[in-house]
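Here is the structure we will look at, set down as structure tokens.
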Amino acid sequence: MARPPQDPQIRINEILNAAEILFYERGYHQTMISDIVKKIGVAQGTFYYYFTSKEEIIEALINRHLSMFISEIDTMVCSDHIDSLHKIELMGIIMLNTIRYKQGLFLEFLYNDQYLHLMDKLFRQAKELLAPYLLIIIEEGKRNNIFNISHPKSVLNAILALTQCLVESIYEKESDEIIADQMSMVKILIENALGIQRGTLHI
């Protein structure tokens, strides 16, 4: 077995980077562990020193990208120079930019019947990580009289549900016309949920 480098994270990142490239090029099912180790030029035992399976690789990729996504959200939410409305808009933009990954869709090779449990895990983890930040923004907007709402938690639940419907339509590759129409409806419904004037939200 190849000797691990002194910093395990270096080798882990090499494996993740190689695996992600191959998953996009060949598909998750078609990529073998032997392909991954060949790409980075190490023995197969080196892979098993850090990971037990391809599914563990996917979970690590999901966690890595979600960490990057949440880091962007955290920086924006903690800013004292952006009002609540613009924070909602920026959160939407960051989310859409994350989904549109390398001229495709983020982890779209998992969006089929065989691997939907992994995509479902991604959606659930993203919602769980995103919810506290979104609630902070909603409560901040209520305190500052930007949002005319009674119950921030119910607004949070509505926005998360609407967002998931839109994201699923994007992954199902609905036509651009339908996505644009759905985006318009989602914006109107979010504006209603926040108690702001129609046409105020720009994403």
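Each reported figure results from applying straightforward, stated rules to the coordinates on display, with no laboratory input. Since this is a predicted model, take the numbers as computed values, not measurements. Because the Cβ atoms are built from the backbone with ideal geometry, glycine has one as well, and the counts that use them run over all protein chains shown.
What number, rounded to the nearest 500 deg cm²/dmol, is the helix-based mean residue ellipticity at 222 nm of the chain, given -39500 (n - 2.57) per DSSP H run of at least four residues and division by all its residues?
-23500 deg cm²/dmol
Report the far tail of the P(r) of segment 8-50, meaning the percent of Cα-Cα pairs longer than 16 Å.
Details: 238 of 903 pairs.
Of all Cα-Cα distances in segment 8-50, 26 percent exceed 16 Å.
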Practice task
Treat each spin label as a single point 7 Å out from the Cα along the C-beta direction, and report the ILE179 to ASN112 distance in nm.
Solution key: 2.0
Problem - Sorted peptide list for 8-14, 85-91, criterion being average Cβ within 10 angstrom, highest first - result: 85-91, 8-14
Practice task
Give me the lysines in straight-line cross-link reach of LYS38: C-alpha distance below 20 Å, same-chain residues under 8 apart excluded.
Solution key: LYS54
Handout entry: Three principal axis lengths of segment 59-194 [C-alpha, angstrom, descending]
Key = 46, 32, 24
Exercise for the section: May I have the extent of the alpha carbons of segment 1-130 along their three principal axes, as whole Å values ordered from largest to smallest? Expected result: 54, 38, 25
Exercise for the section: For the chain, calculate the relative contact order in percent as a whole number, restricting contacts to Cα pairs under 8 Å that are 6 or more residues apart. Expected result: 17
Handout entry: Relative packing of peptides 66-75, 135-144 - highest average C-beta neighbours within 10 Å first
Key = 135-144, 66-75
Practice task
Mind telling me which of GLY41, GLY104, GLY27 comes out most flexible in a GNM of the chain, alpha-carbon contacts under 10 Å?
Solution key: GLY41
Exercise for the section: List nothing, just return the count: lysine pairs in segment 91-203, 8 or more apart or interchain, with Cα separation under 25 Å. Expected result: 13
